[in-house]
Amino acid sequence: MNTLILVNRHHAYPANAPQDLVPVHPDSPDILMEREAAQALARLMEQIDDWRHIVPVSGWRSFEEQQMIYLDSLRDNGREFTQQYVALPGHSEHQTGLAIDLGLRQPDIDFIRPNFPYEGICQEFRKLAPAYGFIQRYPAGKETVTGIAHEPWHFRYVGRPHGERITERGLTLEEYLS
Ligand SMILES: [Zn+2]
């Protein structure tokens with residue numbers, strides 16, 4: 001598994017890439033990640049609060065699932081919103097199994113834009129994440145580089161030591177790889 005694989009509007013995820021997907025938590029059997037990423041996330045969450053205040057919202061997606069999300073969002077939210085927040089089918093990082101959307105545990109969780117504020121337990125997660133190989137993939141101010149709007153809830157597993165290097169230098173994955 002290449003933890004530095006780049007998937008964005010210019011780079012599609014190869015349809016036949018082998019995957020080894022496992023649930024991120026027994027309570028969420030449908031939310032999957034690549035085994036190494038899921039294990040790193042489990043260790044990180046153990047360190048935080050054992051999933052008491054944070055929930056996994058969306059992990060691995062198949063091409064078909066991404067297509068459904070994209071079309072549903074086009075219908076419900078319109079083109080401008082969808083192009084900002086939902087990657088084209090074939091171009092979603094979620095298809096790699098290395099991306100996870102997280103939300104603060106609350107009664108209503110927005111599937112496309114979960115609440116993951118820059119304070120409290122969520123910020124604690126954000127601070128620890130790089131040491132476990134995770135980066136915040138779509139930061140504010142980098143929209144033209146990533147092609148995706150600022151997404152406080154979307155984290156990408158890149159492994160160590162890349163998580164720390166990318167975060168310390170304030171880079172996106174695109175910039176780190178070029
Ligand atoms: Zn996401």
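Listed values, structure above:
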item: Of residues in the range 25-41 being among the acidic types (Asp, Glu) and in contact (Cβ under 8 Å) with a residue 12 or more places away in the chain, the one nearest to Arg160 (Cα to Cα); result: Glu36
item: Answer residue from the range 59-83, given it is of a type in the set (S, T, N, Q) and within 23 Å of Val158 (Cα to Cα) and is nearest to the ligand (Cβ to nearest atom) among those; result: Gln66
item: Top-ranked residue of the range 52-99 - restricted to ones that are touching a Pro at 6+ places or on another chain (Cβ under 7 Å) and closer than 22 Å to Phe116 by Cα, ranked as surrounded by the fewest Cβ atoms within 10 Å (Cβ to Cβ); result: Tyr70
item: For Arg52: the one exception among (1) within 17 Å of the chain's Cα centre (by Cα); (2) more than 15 Å from the ligand (Cβ to nearest atom); (3) charged (D, E, K, R); result: (1)
item: Failed item, numbered, when Leu177 is tested on (1) within 19 Å of Ala37 (Cβ to Cβ); (2) touching a strand residue (DSSP E or B) at 6+ places or on another chain (Cβ under 9 Å); result: (2)
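Yes or no, residue by residue, for (1) among the hydrophobic types (A, V, I, L, M, F, W, C); (2) within 15 Å of the chain's Cα centre (by Cα); (3) more than 23 Å from Leu173 (Cβ to Cβ):
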| residue | (1), (2), (3) |
| --- | --- |
| Pro29 | no, no, yes |
| Ala37 | yes, yes, no |
| Gln66 | no, yes, no |
| Thr82 | no, no, no |
| Leu98 | yes, yes, no |
| Leu104 | yes, yes, yes |
| Phe134 | yes, yes, no |
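Taken together, the values in this text are just the output of simple stated rules run on the coordinates, not laboratory data. Since this is a predicted model, take the numbers as computed values, not measurements. Neighbour counts run over all protein chains shown; Cβ positions are idealised from the backbone, glycine included.
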